[in-house]
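One structure is given here, and the rest of the page talks about it.
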Amino acid sequence: MNTPAQLNAQLLQLLEQMHITFDEKRWRRMPALRQQLMACFDEYQKLETNVAELAKMKCHLRDGFAQLIAQSEQRAAELEHKMAQHRDNQEGVLAYSMMALLTEQP
């Protein structure tokens, strides 16, 4: 059986692994890591008797997830901007080619 200190270290390691996985864009691993983290936290919550340590871990996990969410929202906004630029460029190419066709006809 794990001690609260071991579970604390494991939780921090899993959270760090989630951040690394996110940075490496290995999206398929995220649900499994989250599931492992939540199972580990459930076990930690049952064993931790120090209320302050439990609150500290909850705060740390909350902050870690908030960072992941913020990064995800930022990447989504960047992707949306890139897609809008791509769409605008495609529309510009289409308009240019249509003008070229219209001006080439006798």
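The values are calculated or read from the model by the stated rules, or taken from the named source; none is laboratory data. For clarity, every value in this text was computed on a predicted model and none was experimentally measured. Neighbour counts are summed over all protein chains in view; Cβ atoms, including those assigned to glycine, are modelled from backbone coordinates with ideal geometry. Surface areas here come from the heavy atoms of the whole protein model, side chains and all, with no ligands, DNA or RNA. Shrake-Rupley method; radii C 1.70, N 1.55, O 1.52, S 1.80 Å.
Does Arg62 meet the test of being closer than 19 Å to Pro4 by Cα and either in contact (Cβ under 8 Å) with a residue 24 or more places away in the chain or open to solvent by 50 Å² or more (accessible area, probe 1.4 Å) (or both)?
Taking the combined requirement at face value, the residue satisfies it.
Going by the structure shown, is Leu47 under 22 Å from the mean Cα position of the chain (by Cα) and of a type in the set (A, V, I, L, M)?
Numbers: under 22 Å from the mean Cα position of the chain (by Cα): no; of a type in the set (A, V, I, L, M): yes.
Here the answer is no, as Leu47 does not meet what is asked.
From the list Ile20, Ile69, which one is open to solvent by less than 80 Å² (accessible area, probe 1.4 Å), β-branched (Val, Ile, Thr) and free of Cβ contacts under 8 Å to residues at least 24 places away in the same chain?
Checking each option against the conditions leaves just Ile20.
Among the candidates Ala100, Ala95, Ala39, which residue alone is open to solvent by 60 Å² or more (accessible area, probe 1.4 Å), free of Cβ contacts under 8 Å to residues at least 24 places away in the same chain and not hydroxyl-bearing (Ser, Thr, Tyr)? Walk me through how you get there before you give the answer.
Working: Ala100 fails: open to solvent by 60 Å² or more (accessible area, probe 1.4 Å); Ala95 fails: open to solvent by 60 Å² or more (accessible area, probe 1.4 Å).
Just a single option satisfies the conditions, and that option is Ala39.
Considering every residue within the range 79-90, establish whether at least one is surrounded by 10 or more Cβ atoms within 10 Å (Cβ to Cβ) and in contact with a helix residue (DSSP H, G or I) (Cβ under 6 Å, 6 or more places away or on another chain).
no
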